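Right, one structure below, let's go through it.
The values are calculated or read from the model by the stated rules, or taken from the named source; none is laboratory data. Predicted, not measured: the structure shown is a model, and the values here were computed from it. Don't worry about glycine lacking a Cβ; one is built from the backbone with ideal geometry, like all the others, and counts go over all protein chains shown.
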Amino acid sequence: MQIDLQKEYKTKIAGQIQKDLGDLNIHEVPKLEKIVVNTGIGKLVNVRKQKTSTQKTDEEIMQDIVDGLGAITGQKPHFIRAKKSIAAFKLREGTVTGLRVTLRKKLMYDFLARLIHIDLPRTRDFRGISEKSVDKGGNLTIGIKESSIFPELSATNVAWSLEVTMVTSTNNRKQSLELFKKLGIPFN
């Protein structure tokens with residue numbers, strides 16, 4: 001049974017938050033604006049040394065990560081390129097350093113429901129998300145060390161990590177914590 005988190009937010013959660021936070025105007029009720037999923041690939045692609053014949057090439061690894069991020073989010077990722085060269089990091093201007101996907105509306109709520117109910121419980125030794133992950137601006141950032149928690153991905157030999165940032169419409173940390181708790185995000 002798939003939970004329609006967007007419909008549930010509009011019908012139940014927004015009204016509950018409005019009452020809990022002291023009769024806010026309906027337009028002042030905090031809501032999710034977007035979810036940004038990003039991963040850095042500089043280490044995986046650019047810093048590898050001593051390749052063996054069984055390892056994949058840099059292009060194959062990059063394509064695996066692009067396909068994996070697309071399968072997880074349902075959208076094709078955007079390439080993030082280096083803005084300037086930094087010799088100490090062996091980085092050249094224009095080199096791809098990361099991938100980013102911005103989710104909004106229906107895709108955002110579908111991704112969040114899958115993350116809460118399917119993916120996070122599959123994490124090894126998962127005890128919940130720290131409330132310290134919510135910053136002063138009211139945004140929640142979750143670091144995921146292994147992409148293998150997502151059932152959409154096939155078993156590949158490349159392990160990569162990613163970061164999920166949930167951006168809210170409020171700048172108040174207390175209000176955004178209330179929103180995340182009502183949405184069902186498992187805090188410890």
Does any residue of segment 128-144 turn out to be surrounded by fewer than 18 Cβ atoms within 10 Å (Cβ to Cβ), in contact with a strand residue (DSSP E or B) (Cβ under 8 Å, 6 or more places away or on another chain), among the hydroxyl-bearing types (Ser, Thr, Tyr) and under 30 Å from ALA82 (Cβ atoms)? yes
Within segment 67-101, track down each residue that is within 15 Å of GLY40 (Cα to Cα) and among the β-branched types (Val, Ile, Thr). ILE80, THR95, VAL96, THR97, VAL101
Within segment 97-127, tally of residues that are of a type in the set (Asp, Glu) and either buried (at least 16 other Cβ atoms within 10 Å of the Cβ) or at pLDDT 90 or above (or both): 2
Failed condition for GLN175, given (1) crowded, with 19+ Cβ neighbours inside 10 Å; (2) of a type outside the set (A, V, I, L, M, F, W, C); (3) assigned to a loop (DSSP other than H, G, I, E, B), with all others met? (3)
Quick one: in segment 25-51, of everything that is aliphatic (A, V, I, L, M), crowded, with 16+ Cβ neighbours inside 10 Å and not in a strand (DSSP E or B), which residue is modelled with the lowest pLDDT? VAL45
For the structure I just gave you, tell me whether ASP125 is among the acidic types (Asp, Glu) and under 18 Å from MET166 (Cα atoms). no
So, in segment 58-100, exactly how many residues are of a type in the set (Gly, Ala, Ser) and touching a residue at least 60 places away in the same chain (Cβ under 8 Å)? 3
Hey, can you tell me all the residues within segment 9-24 that are part of a loop (DSSP other than H, G, I, E, B) and without any contact (Cβ under 8 Å) to a residue 12 or more places away in the chain? GLY22, ASP23, LEU24
